[in-house]
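Some notes on the structure that comes next.
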Amino acid sequence: MRSKSHSGSQGPLPEGPVRSCIGCGARRAQAELTRVALGPEGEVVVDRERRLPGRGAYLCGAGCVTAALKRKAFGRAFRGKAGKVDPSKLGQAWESGSGP
Ligand SMILES: [Zn+2]
């Protein structure tokens, strides 16, 4: 088997849309990031299916939830509409969905 390799140098950016993690600011492919959005009560929830309407933000891992909190990034990402952010709850949702 041959590994697929492009001969051209297109740069390190992955294919597809690129988003910035609101926690650490890393730029990654959208597919590599986890979307968070606002739930029905205005709380920030993990949106694995990327189906929740409205604005979303992207994080690369549960650890970045805390970083985003410190930077008040949720308030910015959701224009002040984000309600209470519970990092432990978010972290749990993260872990529960990351398994095979
Ligand atoms: Zn991050």
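Of all residues in the stretch 59-76, which are under 12 Å from the mean Cα position of the chain (by Cα) and surrounded by fewer than 21 Cβ atoms within 10 Å (Cβ to Cβ)? Once the filter is applied, which keeps residues that are under 12 Å from the mean Cα position of the chain (by Cα) and surrounded by fewer than 21 Cβ atoms within 10 Å (Cβ to Cβ), the stretch 59-76 yields Cys60, Gly61, Ala62, Gly63. Scanning the stretch 14-40 for residues that are within 15 Å of the ligand (Cβ to nearest atom) and in a strand (DSSP E or B) gives Val18, Arg19, Ser20, Arg27, Arg28, Ala29, Thr34, Arg35, Val36.
So, Gly11, is that one at pLDDT below 90 and touching an Asp or Glu at 6+ places or on another chain (Cβ under 8 Å) or not? Here the answer is no, as Gly11 does not meet what is asked.
How many residues does the stretch 82-100 contain that are surrounded by 13 or more Cβ atoms within 10 Å (Cβ to Cβ) and free of Cβ contacts under 8 Å to residues at least 60 places away in the same chain?
Applying the first criterion (surrounded by 13 or more Cβ atoms within 10 Å (Cβ to Cβ)) to the stretch 82-100 yields 82-83, 85-87, 89-94.
Remaining after also requiring free of Cβ contacts under 8 Å to residues at least 60 places away in the same chain: 82-83, 85-87, 89-93.
Summing the residues that are surrounded by 13 or more Cβ atoms within 10 Å (Cβ to Cβ) and free of Cβ contacts under 8 Å to residues at least 60 places away in the same chain in the stretch 82-100 gives 10.
Table: residues versus (1) in contact with a helix residue (DSSP H, G or I) (Cβ under 8 Å, 6 or more places away or on another chain); (2) at pLDDT 90 or above.
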position: Leu52; (1), (2): no, yes
position: Leu59; (1), (2): yes, yes
position: Val65; (1), (2): yes, yes
position: Ala82; (1), (2): yes, no
position: Asp86; (1), (2): no, no
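Do you know which residues across the stretch 48-86 are in a loop (DSSP other than H, G, I, E, B), over 13 Å from Leu38 (Cα atoms) and within 16 Å of the ligand (Cβ to nearest atom)? Correct list: Cys60, Gly61, Ala62, Arg71, Lys72.
The values are calculated or read from the model by the stated rules, or taken from the named source; none is laboratory data. The model shown is predicted, which means the values in this text are computed figures rather than measured ones. With ideal geometry, Cβ positions are generated from the backbone for all residues, glycine too; neighbour counts draw on all protein chains shown.
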